[in-house]
1. Return the calculated 222 nm mean residue ellipticity for the chain, to the nearest 500 deg cm²/dmol, obtained by summing -39500 (n - 2.57) across DSSP H runs with n ≥ 4 and dividing by the residue count.
2. Less than 12 Å apart at the alpha-carbon level, and either on another chain or at least 8 residues along: which aspartates and glutamates does that give for Lys255?
3. Please say if region 193-293 is rounded, prolate or oblate, where rounded means a/c under 1.5 for a ≥ b ≥ c the square roots of the C-alpha gyration tensor eigenvalues, and otherwise the choice is prolate for a/b larger than b/c and oblate otherwise?
4. Farthest toward the dipole's positive end in region 213-285, which of Ser266, Ala247, Ala235, given Cβ charges of +1 (Lys, Arg) and -1 (Asp, Glu) about the Cα centre?
5. If I model a spin label at Asp93 and Asp217 as a point 7 Å from the Cα along the Cα→Cβ vector, what separation in nanometres do I get?
6. For the ranges 168-177, 76-85, 292-301, what's the packing order if you count other beta-carbon atoms within 10 Å of each residue, average per peptide, and put the highest first?
7. Which links in Lys55/Lys133; Lys70/Lys197; Lys215/Lys277; Lys55/Lys257; Lys70/Lys98; Lys70/Lys287 stretch past 19 Å when you go from one Cα to the other?
8. Within the accessible area of the chain, what % is carbon and sulfur when the probe is 1.4 Å and the other protein chains stay in place?
Amino acid sequence: MVDRANKPKTLSSTPSLPPQASVTFSEDNSRVTAELPTGESVEVLLYGATVLSWKDAAGDEKLWLSEAAKLDGSRAVRGGIPVVFPVFGTAPDHPQTKSLPQHGFARTSRWEFLGKSTSESMVGRAANELTVKLDFGLSSAAPGLDPTAAASWPFKFNLIYSVTLNRESLTTSIVATNDGAAPFDCQVLMHTYLRVKDITTVEITGLANAPYHDKVDAANPSKTQPASGPLTISAETDRVYTPVEDAVTVTEGGKPKFRVTRDNLSNVVVWNPWTEKAQGIADFAPKDGFRQMLCVEPGAVGAWQSVEGGDAFEGAQTITLLD
Ligand SMILES: O=P(O)(O)OC[C@H]1O[C@H](O)[C@H](O)[C@@H](O)[C@@H]1O
């Protein structure tokens, strides 16, 4: 007699396949959102092509966005990931860019949504992992271009900005093409506001031995990060690093949280306004919100990138979730 309870199980002839999963996607005239079948999501405002939100599968937000951020196109978004182009800060001594407002015009122009693409890979945490890429464009001929740009920066250019989401990471990349004959100089930066729970328990590694420009210490700005020990934040911090290492890691409460890697972006700005500066920033809310944010901003801002007619500058950041 066959002992049915102990009979080895045999595979059925056709293994059951997972249901066809796809990316959920929505678009209106102000923003674009995409959600992976596993729940991770990203939301991008056309104004500035600003990433407003990046959530993991559990719905936990990874970016800090001010409660007073203007999302109506009246000013650059305070939080998320604004795109800085073609100047970081202001450059009163640089003839081409001296008339531009702080951080240029990419973050104050309305970008066009160019489309989405999805791909599947077998690598990573899960087989059949989906990746979604959202592409945005801004050119010198675009109707959404900030009018101050047209008046102050008379170059022919085309920008493609791509936001790529998968289960573990978010990548933002830019291609800045010179469509004219005259060369132009530019700087590029991704002004990422990372969300943390408590800035006093945050440690930043990957900056060892890195020279930096300390914007808070105007009298003595040229410094070098010590060879050992992480960077911690306990006061206003505004530093333009040129890291020696490839990745900057943010840990919180001793646990790795984010790894930020760069492609062709040789600088990393670390910014936290702390108490007084936050008080003075009109769209920064709540005023103690600096405790829940840390800007880690990959960019090419230490020098000018000179782009000849027909050439392009490309750069990217990838933020990987470690927790
Ligand atoms: O107020 P914003 O123009 O958005 O600039 C916010 C901050 O951006 C960067 O991190 C700069 O290094 C800071 O000096 C600046 O204060």
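1. -1000 deg cm²/dmol
2. Candidates past the 8-residue exclusion: Glu203, Asp323.
3. oblate
4. Sorting the options by dipole projection puts first Ala247.
5. 2.0 nm
6. Answer by packing, highest mean first, reads 76-85, 292-301, 168-177.
7. Lys70/Lys197; Lys70/Lys98
8. Of all accessible area on the chain, carbon and sulfur atoms account for 49 percent.
The values are calculated or read from the model by the stated rules, or taken from the named source; none is laboratory data. Bear in mind that the values here come from a model prediction, so they are computed numbers and not experimental data. No Cβ is skipped: glycine too gets one built from the backbone with ideal geometry, and neighbour counts run over all protein chains shown. Calculation scope for accessible area: heavy atoms of the full protein, side chains included, ligands and nucleic acids excluded. Shrake-Rupley method; radii C 1.70, N 1.55, O 1.52, S 1.80 Å.
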